[in-house]
Amino acid sequence: MRPTVRLLLSHPAHFISLGFGSGLSPRAPGTAGTLAAWLLYPLLRAPISEFVFLALLASFFVAGIIAADRTGRALGASDHGAIVWDEIVAFWLVLFFAPPGLAWQAAAFVLFRFFDIVKPQPIRWADSHVGGGFGVMLDDLIAAGYAILALAMLKHFLG
């Protein structure tokens, strides 16, 4: 089933899991969701402390489990491509740990999308063995971990 604006607006869980509409993109919805996360990050991050931001991300992760599960059931596919809340939350985590500057954020974007698309182990294992909303959220969290590690290594070697 292809999601529609009608589905997006039919329940708060769908609005969240479909990334406020970014998941409705006909091409590369995961990339569209990640771009939406990048655009929203300064608005979300600026007014709050690091601790509150990380607590907020943890709550967004839990909400994502519930929302992705409900939307996956409505779409008939537990990890439907239009569900992009997992990319959004995971990329916010990557941006939190990325060094400051637009170039580092762009590198973070490329690295996160690379790991999310290629799915090296254990991302591939989580993607294929962990079901439901938790599985949807988990593989992107692991991809975020890879991207954060790669950014740290780049920063170390590039100074």
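The values are calculated or read from the model by the stated rules, or taken from the named source; none is laboratory data. Small disclaimer: the values here were computed from a predicted structure and weren't measured. A quick note on method: Cβ atoms are made from the backbone with ideal geometry, for glycine too, and the neighbour counts reach across all protein chains shown. Accessible surface areas use protein heavy atoms only, side chains included; no ligands, DNA or RNA. Shrake-Rupley method; radii C 1.70, N 1.55, O 1.52, S 1.80 Å.
Quick look at the values:
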item	result
Test: residue in segment 4-20 that is closer than 23 Å to SER128 by Cα and either charged (D, E, K, R) or outside any helix (DSSP H, G or I) (or both)	yes
Hey, LEU44 without any contact (Cβ under 8 Å) to a residue 24 or more places away in the chain, in a helix (DSSP H, G or I) and either surrounded by fewer than 21 Cβ atoms within 10 Å (Cβ to Cβ) or touching a Phe, Trp or Tyr at 6+ places or on another chain (Cβ under 7 Å) (or both) or not	no
Tabulated pairs, segment 92-111, first touching a residue at least 24 places away in the same chain (Cβ under 8 Å) and more than 18 Å from ALA46 (Cα to Cα), second open to solvent by less than 40 Å² (accessible area, probe 1.4 Å) and not β-branched (Val, Ile, Thr), C-beta under 7 angstrom, 6+ apart or interchain	ALA107/LEU151; ALA108/LEU95; ALA108/ALA98; ALA108/ALA147; ALA108/LEU151; LEU111/ALA147; LEU111/ALA150; LEU111/LEU151
Filter result for PHE51 (surrounded by 19 or more Cβ atoms within 10 Å (Cβ to Cβ), in a helix (DSSP H, G or I) and either in contact with a Leu (Cβ under 6 Å, 6 or more places away or on another chain) or at pLDDT 95 or above (or both))	no
Residues that are open to solvent by less than 60 Å² (accessible area, probe 1.4 Å) and of a type outside the set (Val, Ile, Thr), drawn from segment 59-75	SER59, PHE60, PHE61, ALA63, GLY64, ALA67, ALA68, ASP69, GLY72, ALA74, LEU75
Selection count, segment 14-38, where residues are open to solvent by 10 Å² or more (accessible area, probe 1.4 Å) and on the phi > 0 side of the Ramachandran plot	3
